[in-house]
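*Asks:* Got a structure for you, questions after.
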Ligand SMILES: C[S@@+](CC[C@H](N)C(=O)[O-])C[C@H]1O[C@@H](n2cnc3c(N)ncnc32)[C@H](O)[C@@H]1O
Ligand code: SF4
């Protein structure tokens, strides 16, 4: 019952904070002098579409993809010309490796413009071929993240993944090779899928341990308005009542061999590279359907894939919508993302937000302490074992809110109402 109340409260906060109803001119995203940001690059093409997924993605089309990658490189160059500098890049999708040649040309560009050393790329298991792995390594990829979702052939079939992305046996063989090829090899799994049983999770746990996978991001199922309908048709009813028990089982099953590096990321070695949201408060997203978060403003880049290139040419960038967060929302976002990464340094928070940081969030911090979700350890606010599941609910509701924004953006015509000064 308490979990349902938490879901309702946190869902309400996320829905309230996340709705693009901006009417005015887009504020100019400008870099702070000397600051290096994270660059997120979105590749919205997939060979087959999964019913649970509410990321911005469409069926791969080579002609469209070639035009898209060219526009993407123009957008990246535009940010360089405006003075943005990046220390790290994350290429997500969709499926970034769907056109490897174009991806490699794009990675060459970001390395030559920004000298980026740390690059993460997402992929699907069918792309874990020896030649692809070699080319990605040669391109300096430090973290490769492979979407597996489940090692259960029945579930893979219902997710439309069995044919296009491979059976559990094929995936296991490919992971055996890839696991040692990258500094961090991350495998994405999902728990609480419709039709997924505890026995199926136990088998997944056994496979993760026997392959000694370096890192596993084990996501709770998230259901945006559109993906809930798709899942219901393809896979069955979404049911959150089993979520806590499955999460606890996964925590217990990986304890000993793995350390948590976020609420749902398990690493064999604490030094591995995590999801970027934990380490980067601010980032710039390029490519259709990406988000940027800069100086307290959330921006979205045009969700029209054919129209994206024209938007970049007209404005020098692809941003079309913005959502300013109030100071309170920014502080809450900071607290939530830090606790998602398991702890928050009070000293760093005070120097970032001023001495009143904890006073401004006294209600959130006091109630979390009262409920036993966080404790104070020296300078740090630390998430407790009890708090992990509530942070999972908070993050799941926040990301579901982001997915609902994606639904909203996909349904809209391109609102070109902004101009970058000097363009
Ligand atoms: C958007 S995909 C992109 C990479 C690649 N195409 C893939 O399938 O993994 C990244 C990961 O997001 C996770 N994901 C997508 N939709 C989700 C959902 N509705 N609930 C939980 N996780 C989801 C999946 O685990 C997926 O591997
Ligand atoms: S989960 Fe990955 S492969 Fe499936 S539709 Fe989403 S982005 Fe594409």
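*Asks:* If the elastic network links every pair of Cα atoms under 10 Å, which of 224, 131, 343 fluctuates the most in the Gaussian network model of the chain?
*Replies:* 131
*Asks:* Can you give me the relative contact order of segment 28-279 as a percent, contacts being Cα pairs under 8 Å and 6 or more apart?
*Replies:* 17
*Asks:* Mind checking which of 181, 366, 349 has the largest fluctuation in a GNM of the chain, springs on alpha carbons under 10 Å?
*Replies:* Result: 366 has the largest fluctuation of those listed.
*Asks:* While we're on this one: How much length, in nm to one decimal, is gained on full extension between residue 212 and residue 385, taken as 0.36 nm per residue of separation minus their Cα-Cα distance?
*Replies:* Additional length available on full extension: 59.9 nm.
*Asks:* While we're on this one: When the chain is treated as a GNM, springs tying every alpha-carbon pair under 10 Å, which of 384, 400, 301 comes out with the largest mean-square fluctuation?
*Replies:* Among 384, 400, 301, the largest mean-square fluctuation in the Gaussian network model of the chain belongs to 384.
*Asks:* While we're here: Considering segment 237-394, what Rg and Dmax in Å follow from its alpha-carbon atoms?
*Replies:* 18.6, 54
*Asks:* Would you mind checking segment 200-214 for residues with the amide N under 12 Å from a putative spin-label position 7 Å along Cα→C-beta of residue 269?
*Replies:* Residues passing the 12 Å test: 214.
*Asks:* Using a 7 Å offset from the Cα along the Cα-to-Cβ direction at both residue 74 and residue 172, what is the distance between the two label points in nm, to one decimal?
*Replies:* 4.9
*Asks:* If each residue of separation counts as 0.36 nm, what is the full-extension length gain between residue 359 and residue 137 once their alpha-carbon separation is subtracted?
*Replies:* Length gained between residue 359 and residue 137: 75.2 nm.
*Asks:* How high is the relative contact order of the chain, given as a whole-number percent (alpha carbon pairs under 8 Å, six or more residues apart)?
*Replies:* It rounds to 20 percent for the chain.
*Asks:* Also, I was wondering about something else. Using only the alpha-carbon atoms of segment 28-279, report the extent along each of the three principal axes, biggest first, to the nearest angstrom.
*Replies:* The Cα atoms of segment 28-279 stretch 53, 39, 38 Å along their principal axes.
*Asks:* State log₁₀ I(q)/I(0) for segment 319-365 at q = 0.13, 0.32 Å⁻¹ as given by the Debye formula over alpha-carbon point scatterers of equal weight, solvent excluded.
*Replies:* Log-scaled intensity ratios, in q order: -0.32, -1.33.
*Asks:* Take every Cα-Cα pair in segment 59-139 and report what % of them are more than 14 Å apart.
*Replies:* 65
*Asks:* Also, I was wondering about something else. So how do 363, 18 line up by other beta-carbon neighbours within 10 Å, fewest first?
*Replies:* With the fewest neighbours first, 363, 18 line up as 363, 18.
*Asks:* Considering the Cα positions of segment 111-251, please state its Rg to one decimal place and its Dmax as a whole number of Å.
*Replies:* Computed over the Cα atoms of segment 111-251, radius of gyration and Dmax are 16.2, 49 Å.
*Asks:* Using Cβ counts within 10 Å as a stand-in for footprinting exposure, how do 333, 247 rank, fewest first?
*Replies:* Going from sparsest to densest Cβ surroundings: 333, 247.
*Asks:* Please report, in Å, the Rg and the Dmax of segment 178-290, where both are computed over Cα atoms only.
*Replies:* 15.6, 41
*Asks:* Would you calculate, for the chain, the mean residue ellipticity at 222 nm contributed by helices, counting each DSSP H stretch of 4 or more residues as -39,500 (n - 2.57) and dividing by all residues, to the nearest 500?
*Replies:* Value at 222 nm, helices only, nearest 500: -14000 deg cm²/dmol.
*Asks:* Something else now. Give the span of the chain's Cα atoms along each principal axis, as three whole-Å numbers ordered largest to smallest.
*Replies:* For the chain, the Cα extents along the three principal axes come out at 57, 54, 40 Å.
Every read-out reported here was derived from the displayed coordinates using simple, explicitly stated rules and does not represent laboratory data. As the structure is a computational prediction, the values presented were derived from the model and not from experiment. Using ideal geometry, Cβ is built from the backbone for each residue, glycine included, and neighbour counts are taken over all protein chains shown.
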